[in-house]
Each structure stands twice: as C-alpha cells, then as structure tokens.
Amino acid sequence: MRRITAGICLVAGVVLTDFLPALSEHAVQAESALVDQTMLPDAIDLKGARPKADPSSFPPAVDALPPSLENLVAPPPLALPDVPSQVRIHELRPLTLTEAIQLAEVNSPTLKAAASQVDQAKSSLRAAVAAWYPTIDLSASGLPEYFASYSYRNPDFVTTDPLTGNPNNELYGREWRVNGSLQFSWDLINPARVPQIAAARDRFERAGDSYLIALRDLRLEVQTAYFALQQVDEGVRIGQDSVKASLVSYRDARARFNAGVNTKLEVLEAETQLARDRNILTTNLRDQDTQRRNLASLLDLPQDVTPTAATPSSPLGLWEPSLQESIIAAYNYSEELDQLILDISINNSQANASLAAVQPVLRFVNSTSVSRTEGQNGQTSLGDIDMGDFTYGVQNSTALTASWRLFDGGRARAEYRRSKQAAEESRLNFARTRDQIRLQVERSFFGLRAAIQSIDTTATEVLSSQESLRLSQLRVQAGVGVQREVVNSQRDLTQAELKYARAINDYNTNLATLQRRTGLDALIACNAVSLPGTKPEPDQEPIPIEPRPLKTACPSVATGGSSVNQTNDSPVQPPW
C-alpha cells in the first residue's frame, strides 16, 4: 500500500511539472515587488529615544547556588595558588547543562564585573542629579589660631615714652584667634545641568543593557562549551569502541595468519586500522581534557575540581519560528541596538552641554563669617599684654552672581559639532549592527537546517556502516572475504559515528545561538535520540525534493508534527 501511495505521489509530481513553471513565474512576480526602504519605520519611533530594557523578558541570573552545588562556589577574586597540590585535580564533578549555567551565573567574574559597572553608572547618575541641589561650604582659617609677634625698630626713629623715658622701639603681641565662614551657593540657571543629567541617565541605561548582553553571552558560551564537551565525550566513546573492535580484528587476523589461512598483508592492514583508531582515541582524549578545563574556566570552579558532562548529547528540541519571524524577534530583542540608540542620545546631550560653556550662569550666594580675637598687639612688653581683652564680629552677605563667557575662540561650537558627528557615527553603527544581527540569525538558521539534514543522513550512514561491518566480518569468517573489507568498514563506521556526534553538536549550538539572538524559547522538546538496531528498508529510491518542511531532528516526533519552517527569501529552493 505504501509503495502504491508513493507511486501515485510520484506520478502526480510529474503531472504537476507542467504547471510548476507558470506557478513559479507568478510567485516570482508576487515576490518581485521590492519594499520601499525609505518607508521602513524609524528605530527611534519604535523603541523610543531612550529605550529601557525589560527585565521581565529575560530570566534573571540566579544569586545563590542550590545545596548540591554550594561546594563549587568560586574562590576569592585575589586567590592565587602557590603550591602544586593546590591546583592538582581531586574531583571530577558531573554537571548537567542547567547546573553549569547556574554555576556560571553565580561564579563568573565577567558577569560580576558587568554588575559592578551598573552600580558605577548608578552612582555617576546620582552625582549628576546632585547639580540640582545647593552647596554649603564651611571653612575656617583658625580653630583656634595662636598668634605671637615681636617687632624692633631703630631707636633713632622712635619716639620716647613720656612716662618712662624709654624708646618704644620694641613691641610685643599675643592673641588667640578664631575665624570661620559658611557659604551657601545655588545655581539658579545652569544650562549644562540638564544635558549632563540626561547623559548620565542614558549611560546608566546603557550599563544595564551591557549587563543583559553579558548575561546572555555567558549563557551561550556555557551552552556551547557544554555541547562541545558532550561531542568529545562521544568521540572518546567511539574511539574506545573502535579500538576494541580493531583489536579483535587484529587478533583474528594474527590467528588466521598463524593458521596459514591468510597473508601477512591482512595482518598489516588490521594493525594499521588499530593504530588509526588509537590515534583517534588519543586525539579525542586530548580534546576531552581541553574542553573540560574550558568549561571549568567559564564556571570559575575551585582550582581542584574539573567538570564533566553528566548527560549525553541529544537534540534540545524543535525550532518553530520561521526565518523572517526570527529576524524580527532578534531586532526587538537585541540590546545592542538599544545601546546604539542610547549612544545617539548621549552624544546629543553632550553637544548641548558643550554649548552651555558660552551661556550665562546665574548663581545665588549667601556668605556668613564669624571671627573672635583674644589678646593684644603692639604692647611694649609681654607683661603689658592683657589676654582678657577680646573682640568678635559677624558678617553676612547675600548676592546674585552671574558669569558669561562671551568668547572662547570657537571651542564650544567645535565641541558641539564633534558630539553631533559622534551621534551620526552611532546611527551608521546602528545600520551595521542591524545587518550583523540579521546575518547572525540567518547563519544560525541555515546551520540549523543543515544540521537537521546531517543528523538524518549521518544516522543512515551509521546504520549502513554497522551492517556493512557485520557482513564483512561474516565474509571473512566464511573465507570469502578479505581483511581489507573489515578495515574499510570499520573506518567508515568510526567516521560515520563521529559525523553523527558532530551533527548533533552543530544542531544544538545553532539552536542555542538562535535562542540567544531572538529571545524565543518556545521549543518543542523531544525524547533522547537512539538509533534503531536495524536499518529501515526504503520503499523506493530517494527522490530529490525541495526541503519544505525539513525532516525533524527528533526521531520520536511523528512525520506530521511540527518541524523547522524553511521559508526563505527566494521563492524557489534548490534540491538537496
């Protein structure tokens, strides 16, 4: 029945071939109407002149580890081991992907530094807002001040004291002084105040966007590193199985050679395959150690702990949005675009602050000073000084002061132009970043599409290679085959399994990248991938068709279920 249905579909496809050119022509004409780019909405109109990040649209970072991971908290920032025993690995800790992300969010110094920059920007904003408030300055020249003096003058120019008859050429003084002043100042008109506060507020919002970007990038890095570790773990398993199989083949070839039923050439071929598989295993063991330490670096684990992947690699789920939906979601989700809009606002505020240098400033000033003096000056001897003599005074002044720089050589106007030119540069950077975001989404989407095909084809290749290896081994045991067939089949099986593991890694990596760029997380979960023990027999020869829709990456999902939407910009897709 299935063969009849497939035949009917094939005949229907041939009959419809005559109508496809006309349909394609109409489709091309419908799609050929280009969008007027000048009519596209403006980003500032869509997002606002000062866009703010929405924390509710993105899961916040965890701030505490669960009890099972508390012993994996990061060492102090300035901790530095100084003996080999402190960096020797004492534990291989299996971690799931969720646990790895939690550890990264709590331990990562990069994320902590981004959070610190947010706090710094907040403090800078608070300092800028303080320009609206008055300032009160207290100063004192002596608290207290002891003053002693002695002066001597030529007696020929000094008059004589009429009472004592002595010349007044020596004078003494001794005083205690206290002087203090209190000044109240308030800028009533300051043209630089508003743009400086606006720029500080935009920098604070920009720092918040940088934190969200750092958090998203950190999660993507952890996911990518974890998927890479899963791939090399699978490579180590494949290498171990290959070495075991090659070792058995080598021993069988050696035994048959000793029995005189095969030649030395077959023994050498089996030995060559064994050496090749050992090299594959060695390479994957090296990559496994490297990927484990790479993950440990991202998680900032204790110096004596190395993480391992607790789960094998398998597709994370199915991506439902189309390419166009993914691009629009990425534009709305990317904080990088919001940062550039904030840069435009910051540069415009700085331009206004530059012009404030040649604008008038009106200030209210009130000054109060208090002084007190005890002692005397100008006495002819120290004994004549009476410390009970004192004076004190209070002065207060209130004024409106104004300052206006009438000419600065054109510096303020030049700084204004520089800031406006920087704002224009931010607009151009916005266009470049927008194109890069679309390219990243498209690259990940196309990579996801190719990974789905690779999973399907490499799974078939693995099953075919397994069957080929089994048949070649039976042929050698029956005496109708040669060792070369076993060697080739064993090599093909190893490479097919490695490509299958690489295809799953590419699929998960591109899927995680799409989630990072678009913020969409509505995935359809699928069960773990498991290859059947026997190769399914096809109903007919494969016929090239357009991949709409593509096959699912999850074998457990029915054919009619959700799959990746392959709608592309071009109306006609080339066959695979």
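The values are calculated or read from the model by the stated rules, or taken from the named source; none is laboratory data. All of these numbers come straight from a predicted model, not from anything done at the bench. Note that each Cβ is placed from the backbone with ideal geometry, even for glycine, and that neighbours are counted across all protein chains shown. Heavy atoms of the whole protein, side chains included, go into the accessibility calculation; ligands, DNA and RNA do not. Shrake-Rupley method; radii C 1.70, N 1.55, O 1.52, S 1.80 Å.
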(request) With the condition kept exactly as written, say whether any residue in region 450-464 is of a type in the set (S, T, N, Q) and closer than 18 Å to Glu335 by Cβ. (result) no
(message) So, in region 278-327, how many residues would count as being among the hydroxyl-bearing types (Ser, Thr, Tyr) and outside any loop (DSSP other than H, G, I, E, B)?
(response) 7
(message) Is it the case, given these coordinates, that Gln421 is modelled with pLDDT of 95 or more, open to solvent by 60 Å² or more (accessible area, probe 1.4 Å) and in contact with a helix residue (DSSP H, G or I) (Cβ under 9 Å, 6 or more places away or on another chain)?
(response) yes
(request) Tally the residues that are open to solvent by 80 Å² or more (accessible area, probe 1.4 Å) and touching a strand residue (DSSP E or B) at 6+ places or on another chain (Cβ under 9 Å), restricting the search to region 125-138. (result) 5
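Go over the candidates Ala329, Ala351, Ala414 one by one and state the one that is open to solvent by less than 70 Å² (accessible area, probe 1.4 Å) and free of Cβ contacts under 8 Å to residues at least 40 places away in the same chain.
Details: Ala329 fails: free of Cβ contacts under 8 Å to residues at least 40 places away in the same chain; Ala351 fails: free of Cβ contacts under 8 Å to residues at least 40 places away in the same chain.
Being open to solvent by less than 70 Å² (accessible area, probe 1.4 Å) and free of Cβ contacts under 8 Å to residues at least 40 places away in the same chain holds for just one of Ala329, Ala351, Ala414, which is Ala414.
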(message) Checking Thr401 against (1) assigned to a strand (DSSP E or B); (2) out of contact with any Asp or Glu (no Cβ under 9 Å at 6 or more places or on another chain); (3) closer than 14 Å to Leu171 by Cα, only one condition comes out false. Which one?
(response) (3)
(message) Quick check on region 355-366: of everything there that is of a type outside the set (A, V, I, L, M) and surrounded by fewer than 16 Cβ atoms within 10 Å (Cβ to Cβ), which residue is farthest from Arg193 (Cα to Cα)?
(response) Asn366
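Determine, yes or no, whether Ser141 is part of a strand (DSSP E or B) and either open to solvent by less than 70 Å² (accessible area, probe 1.4 Å) or at pLDDT 95 or above (or both).
In short, no.
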(message) Looking only at region 454-467, how many residues end up being closer than 17 Å to Gln273 by Cβ and open to solvent by less than 50 Å² (accessible area, probe 1.4 Å)?
(response) 1
(request) Name the single residue, out of those in region 358-384 being hydrophobic (A, V, I, L, M, F, W, C) and modelled with pLDDT of 75 or more, that is farthest from the chain's Cα centre (by Cα). (result) Val370
(message) Being outside any strand (DSSP E or B) and within 30 Å of Gln196 (Cα to Cα): is that true of Asp386 here?
(response) no
(message) Given the options Leu299, Leu318, Leu323, name the one that is buried (at least 17 other Cβ atoms within 10 Å of the Cβ), closer than 30 Å to Pro76 by Cα and touching a residue at least 12 places away in the same chain (Cβ under 8 Å).
(response) Leu299
(message) Against the condition out of contact with any Ser or Thr (no Cβ under 6 Å at 6 or more places or on another chain), part of a helix (DSSP H, G or I), at pLDDT below 90 and not aliphatic (A, V, I, L, M), how does Asp45 come out, does it pass?
(response) yes
(request) Working only within region 420-458, note down all residues that are of a type in the set (Lys, Arg) and within 30 Å of Asn352 (Cβ to Cβ). (result) Lys420, Arg427, Arg432, Arg434
(request) Name every residue in region 367-387 that is open to solvent by 50 Å² or more (accessible area, probe 1.4 Å) and within 26 Å of Gln183 (Cβ to Cβ), in order of residue number. (result) Val370, Arg372, Glu374
(request) Scan region 247-264 and give yes if some residue there is assigned to a loop (DSSP other than H, G, I, E, B) and touching a residue at least 24 places away in the same chain (Cβ under 8 Å), otherwise no. (result) yes
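Could you please let me know if Glu271 is assigned to a helix (DSSP H, G or I), open to solvent by 70 Å² or more (accessible area, probe 1.4 Å) and over 24 Å from Ala61 (Cβ atoms)?
When the stated conditions are applied, Glu271 passes them.
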(request) Specify the residue that is farthest from the chain's Cα centre (by Cα); the eligible residues are those in region 104-114 that are surrounded by 15 or more Cβ atoms within 10 Å (Cβ to Cβ) and either of a type in the set (A, V, I, L, M, F, W, C) or at pLDDT 95 or above (or both). (result) Val106
(message) Exactly one of these conditions fails for Val243: (1) open to solvent by less than 80 Å² (accessible area, probe 1.4 Å); (2) not in a helix (DSSP H, G or I). Give me its number.
(response) (2)
(message) So, in region 203-218, exactly how many residues are open to solvent by 40 Å² or more (accessible area, probe 1.4 Å) and touching a helix residue (DSSP H, G or I) at 6+ places or on another chain (Cβ under 6 Å)?
(response) 4
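Okay, residues lined up against (1) under 30 Å from Asn505 (Cβ atoms); (2) open to solvent by less than 90 Å² (accessible area, probe 1.4 Å); (3) part of a loop (DSSP other than H, G, I, E, B); (4) at pLDDT 85 or above:
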residue: Leu10; (1), (2), (3), (4): no, yes, no, no
residue: Ala22; (1), (2), (3), (4): no, yes, no, no
residue: Glu25; (1), (2), (3), (4): no, no, no, no
residue: Pro59; (1), (2), (3), (4): yes, yes, yes, no
residue: Arg93; (1), (2), (3), (4): yes, yes, no, yes
(message) I'd like to verify a number: residues in region 178-190 that are buried (at least 17 other Cβ atoms within 10 Å of the Cβ) and either over 18 Å from Arg126 (Cα atoms) or in contact with a His (Cβ under 6 Å, 6 or more places away or on another chain) (or both), how many?
(response) 1
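Could you say which residue among Arg502, Arg475 is open to solvent by 30 Å² or more (accessible area, probe 1.4 Å), modelled with pLDDT of 80 or more, outside any loop (DSSP other than H, G, I, E, B) and under 30 Å from Leu265 (Cα atoms)?
Arg475
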(request) Could you please let me know if Thr391 is modelled with pLDDT under 95, closer than 23 Å to Ile189 by Cα, open to solvent by 70 Å² or more (accessible area, probe 1.4 Å) and assigned to a strand (DSSP E or B)? (result) no
(request) State which residue pairs qualify: first residue in contact (Cβ under 8 Å) with a residue 40 or more places away in the chain and more than 19 Å from Arg516 (Cα to Cα) and inside region 200-223, second residue open to solvent by 50 Å² or more (accessible area, probe 1.4 Å) and not in a helix (DSSP H, G or I) in any location, beta carbons under 9 Å apart, and separation of 6 or more residues or different chains. (result) Arg201/Arg50; Asp202/Arg50; Glu205/Arg50; Glu205/Lys52
